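This report concerns only the one structure given below.
FYI, it's all coordinate maths here, none of it is from the lab. Owing to the predicted nature of the structure, the values given are computational and were not obtained by experimental measurement. Neighbour counts are summed over all protein chains in view; Cβ atoms, including those assigned to glycine, are modelled from backbone coordinates with ideal geometry.
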């Protein structure tokens, strides 16, 4: 992988990580288009640069993570993180096989787009609801929605935001809880993938590859920080409708190219 390829993938990751369009699906498609997705280091890079993106959440929402009474906040994050952690450990190999298929990514992008077109109508009454307390039960249910995102193309952001809306959250609160939940989820996924690759190919962890990883995380951090603010404003004003049509168009194109 060249440095410019690392930058392109990181930009795509930073833009899409917190949008309901599937960052994993996008970075896999981009690396596949550049002909480098089969490289074991690139597969780790695609996951590990998510750390840069989630660090932007820690910076932008530092007051929430360093609040005077952090126990309820971290308890809820743990309960929401738990379902995906369990499923990830049990079914990681099956998930990795799904990641190899651009056809599956195209199908899930398309189907998820159809869902997003109707989400605003389903939760119209609570779309602008003020922030409310997050109970342990609601946090766990949102975490169960996150499990759906283990299928590439589903979108972790979309699944968890919809999970929040189903619990009566407004769009803004649902999106922000999704951001917070990304922190333990992406850290866990990166740690597990890094350990697995280290045990199989320790020779890949050389100075050049680690430098590319640092570069990718730095780029993803900056781009994600800009994307978060824009996404909150866009979601609050317009909802999910246009994200749905974007996913449908991209998904249909990917399916066509996969079977063509």
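Neighbour counts of C-beta atoms inside 10 Å place 114, 104 in the sequence 114, 104, starting with the fewest. Residues 148, 66, arranged from fewest to most other Cβ atoms within 10 angstrom of their Cβ, appear as 66, 148.
Largest GNM mean-square fluctuation among 108, 199, 24, using the chain with Cα springs under 10 Å: 199.
In a solvent-free Debye calculation with one equal scatterer on each Cα, what is log10 I(q)/I(0) for region 1-72 at q = 0.15, 0.26 Å⁻¹, listed in the order of the q values? With no solvent term, the Cα-only Debye profile gives -0.54, -1.14. Dimensions of region 37-146 based on its C-alpha atoms, expressed as ranges along the principal axes with the largest first, amount to 45, 34, 27 Å. Computing semi-axes √(5λ) of the Cα gyration tensor in Å directly from the structure and comparing it against (1) 36, 22, 17; (2) 32, 20, 16; (3) 28, 22, 17 singles out (3). Stretching the chain fully between residue 73 and residue 122 yields a gain of 14.9 nm (0.36 nm per residue, less the alpha carbon separation). Between the helical axis of 102-122 and the longest alpha-carbon principal axis of the chain there is an angle of about 10 degrees.
For the pair region 1-77 / region 183-243, the C-alpha centres are spaced 2 Å from each other. Residues of region 4-33 with an amide N closer than 16 Å to a point placed 7 Å from the Cα of residue 229 along the Cα-to-Cβ direction: 15. Cα axis of helix 156-166 to longest principal axis of the chain: angle in degrees, 0 to 90, nearest 10? Its long axis makes an angle of about 10 degrees.
Under the definition of Cα pairs under 8 Å and six or more residues apart, what whole-number percent is the relative contact order of the chain? Mind dumping the intermediate values first?
Numbers: 383 pairs, mean separation 98.1, N = 260.
It rounds to 38 percent for the chain.
So if we plug the beta-carbon distance of residue 61 and residue 256 into 1/(1 + (r/R0)^6) with R0 = 45 Å, what FRET efficiency do we get, rounded to 0.05?
Working: r = 39 Å, r/R0 = 0.88.
The computed FRET efficiency comes out at 0.70.
Over region 174-255, the Kirkwood radius and the radius of gyration, each from Cα atoms, give a ratio Rg/Rh of 1.09.
Comparing 211, 106, 188 in a Gaussian network model of the chain, where Cα atoms under 10 Å apart are tied by springs, the biggest mean-square fluctuation is seen for 211. Against the chain, whose longest principal axis comes from its Cα atoms, helix 171-200 is set at around 30 degrees.
Using the 10 angstrom Cβ neighbour count as an exposure proxy, how do 256, 61 rank, fewest first?
On the way: 256 10, 61 15.
Arranged by neighbour count, lowest to highest, 256, 61 become 256, 61.
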